[in-house]
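Remarks on the structure that follows.
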Amino acid sequence: VAVMESLFLQSPDTITVLCTVGVLLVFYVLFSSFANRQIKEPLGPWPLPVIGNWFIFYVKVGLTFYTFFFFFVMAFISAFKEVWTSIYIPLVVVFAGHKTIKQALVHHDAFSETEVPQIIQDLKLTHGKGFDPAQPVNNSVSNIICSIVYGNRFEYDDPIFTSMVERATQNSKPLGCPSMQLYNFFPRLFSWLGVRKQLVQSAFVNLSNMKTLIKDLQDTLNPGMCRGVVDSFLARKIQLEESGNMNSHYHDDNLLVTVSNLFSAGTDTTSSSIRYGLLLMIVLVFHLQERVQEEMNRVVGSRQVWVEDRKNLPYTDAVIHEIQRMSITIPMILHQTPYTFNPAHFLDEDGHFKKRDAFIPFSAGARACAGESLARMELFLFFTSLLQHFSFTPPPGVKEDELNLTQNVGITLSPSPHKRCAISRV
Ligand code: HEM
């Protein structure tokens with residue numbers, strides 16, 4: 001009452017100003033709280049005025065400057081615009097469309113006959129000694145993309161291939177660093193950044209390698225034979241040009257960027273998930289690895305694993321899903337991630353695999369991962385085949401709990417480099 005009395009004793013100007021501010025504040029709170037509620041997207045916790053609900057995000061890596069900055073800018077922009085896009089590479093690729101690429105990727109599982117046996121052979125050559133799995137896993141998953149895109153796999157010591165893989169995997173960290181985030185939000189202001197110039201230079205080398213590979217395919221194009229995505233693209237381009245359509249999206253620049261995007265999107269993501277999965281098998285509970293191996297022994301035995309085996313391996317499938325939940329490979333897709341690894345999240349009471357609709361590691365909707373089916377196949381085939389042939393342990397003298405689960409933060413989250421041993425089981 002005293003406050004109200006003192007308020008009304010003020011001059012009319014002060015009261016008008018205070019009332020206006022008060023009304024505006026009430027409007028703002030109501031508007032910012034209710035406006036977003038009309039969106040039919042999954043809703044988050046009730047947002048607070050001004051700061052919204054960004055604070056509830058808790059990324060496993062902790063509230064670093066990066067996550068703080070990222071969510072602050074997201075919250076700031078979202079206050080003005082409901083729908084907006086942040087793209088990491090300032091180029092939009094239209095490959096009419098998403099479905100075409102997805103189909104091209106889904107129907108290729110021949111790699112289980114090449115890359116899987118190759119990595120098993122490479123790991124056998126370590127003779128149970130400590131090794132860092134990054135390179136063999138990166139090589140295998142990159143080569144799968146190459147087989148699909150170019151219709152041809154590379155030898156692992158091919159200099160063009162090793163250079164492309166190295167750049168695709170090493171660029172993840174600088175691409176996700178705070179200064180690159182600044183550049184992504186304000187490209188005109190921050191185009192001078194050294195890290196950006198470095199990335200552009202690196203992308204330039206990869207693009208020129210890819211250009212050479214595409215040129216070779218173009219020179220040997222045979223309309224009766226489709227070797228991969230590049231051939232399909234070129235065939236469609238020629239078809240459209242012959243019918244007089246010179247303005248389609250099927251042009252050389254689009255082909256180059258599509259090829260490059262598939263290569264970078266499909267390498268570090270899958271490789272990091274596989275490596276983190278193997279690390280979890282060692283660090284968490286050793287029995288977990290044994291339970292997967294026991295199910296594998298019972299269902300698959302010593303024959304080669306096939307994608308169709310997945311439906312008969314519910315426990316293994318649940319473990320792979322749980323690995324993806326824990327690893328948060330793409331940090332923009334956040335799951336509730338308590339620090340307990342529990343495959344039961346994906347199992348019903350009878351031990352059957354249970355799909356969780358809320359679990360969307362590949363995002364959803366029109367911009368969801370174009371390689372989801374391929375990635376699922378890769379995760380399943382590599383994980384199962386590796387555990388079928390090897391048991392993974394820490395290197396001699398290192399205890400399980402001494403291995404570091406902290407991930408490197410970049411555009412993807414990847415396990416920090418460390419050695420482990422692959423002990424042959426067969
Ligand atoms: C475990 C592995 C993978 C995970 C967790 C993953 C996750 C994702 C996510 C969350 C997005 C959406 C990003 C956004 O919102 O902008 C995405 C996009 C994309 N992914 Fe994957 N991905 C994986 C593997 C792959 C593979 C193997 C490929 C295939 C070559 C691939 C190709 C793409 C492409 C082309 C896009 C862009 C789609 C578009 O914008 O239309 N990804 N991925």
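Panel order for Phe359, Phe186, Phe392, by other beta carbons found within 10 Å of each beta carbon, from fewest to most: Phe186, Phe359, Phe392. Net charge dipole, segment 97-424: roughly 700 debye, given to the nearest 20, about the Cα centre with Cβ charges of +1 for Lys and Arg and -1 for Asp and Glu. Per-residue Cβ neighbour counts within 10 Å put Glu290, Glu378 in the sequence Glu290, Glu378, beginning with the fewest.
Evaluating 6.51 cos²θ - 1.76 cosθ + 1.60 at θ = phi - 60° for every residue in segment 191-207, the Karplus couplings come out as 5, 7, 4, x, 4, 5, 4, 4, 5, 4, 4, 5, 5, 4, 5, 4, 5 Hz, glycine and proline recorded as x. Each principal axis of the Cα cloud of segment 228-292 was taken in turn, and the coordinate range along them, longest first, works out to 63, 19, 12 Å. Put simply, segment 97-424 fits an ellipsoid with semi-axes of 34, 24, 20 Å; these come from the alpha carbon gyration tensor as the roots of five times its eigenvalues, largest first. Using C-alpha pairs below 8 Å separated by at least 6 residues, the relative contact order for segment 97-424 is 28 percent. Rounded to the nearest 20, the size of the Cβ-charge dipole of segment 162-261 about its Cα centre is 500 debye, with Lys and Arg at +1 and Asp and Glu at -1.
Could you please report the charge total around Phe131, scoring K, R as +1 and D, E as -1 over all other residues with beta-carbon less than 13 angstrom from its beta-carbon? Residues near Phe131 contribute +3 overall.
Laboratory data are not the source of any read-out in this text; all were calculated from the coordinates shown. Everything quoted here is computed from the prediction, not taken from an experiment. With ideal geometry, Cβ positions are generated from the backbone for all residues, glycine too; neighbour counts draw on all protein chains shown.
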